[in-house]
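Remarks on the structure that follows.
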Amino acid sequence: MSKAEHDLVRQEVKAPLNLGWAVRRMRESRKMPQEELARRAGVTQPYISQLESGYTNRFNEKLLAGLAAALEVELWELIALASGVLVKRLERLTQEEVTLLDVYRALNPGQREALLRVGMTMQPPPAARGRRSRSRSD
């Protein structure tokens with residue numbers, strides 16, 4: 001678990017969470033039986049049933065991380081949904097994109113503006129962008 005995720009868990013666990021509802025929603029959207037989720041998360045099926053039914057609200061950071069991994073989502077996505085925030089599934093960034101984002105964040109405002117101007121001159125025309133994005137999703 002990253003430091004940012006750990007801090008998010010610490011903050012969010014103090015707030016009322018509807019973890020059971022979020023787990024059930026994510027599990028059912030994946031057509032995953034409770035038994036499979038329990039096996040993947042390292043807990044028992046009765047615990048998953050109690051959690052989803054609201055009969056237990058006992059969980060810790062390790063369990064949250066295990067449930068998120070078992071559901072193949074980021075920890076923050078599970079916490080966001082449990083907190084009532086609906087988040088669209090985000091496209092994962094490549095390592096190169098993460099590096100570019102880190103470099104951009106380290107720049108001062110003037111440098112950012114200059115970099116964006118250069119980047120805008122390198123973009124293909126709108127028609128070419130449309131063709132590329134359609135072929136990428138196929």
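None of the figures in this text is laboratory data; all of them are computed from the coordinates on show. The shown structure was predicted, so the numbers you read here are calculated from the model rather than taken from an experiment. All Cβ positions, glycine included, derive from the backbone under ideal geometry; neighbour counts span all protein chains shown.
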Quick check on this structure: which one of Glu36, Glu74 is surrounded by 16 or more Cβ atoms within 10 Å (Cβ to Cβ) and of a type in the set (Asp, Glu)? Glu74
Residues being surrounded by 14 or more Cβ atoms within 10 Å (Cβ to Cβ) and more than 14 Å from Gly20 (Cα to Cα) - total across segment 44-65: 2
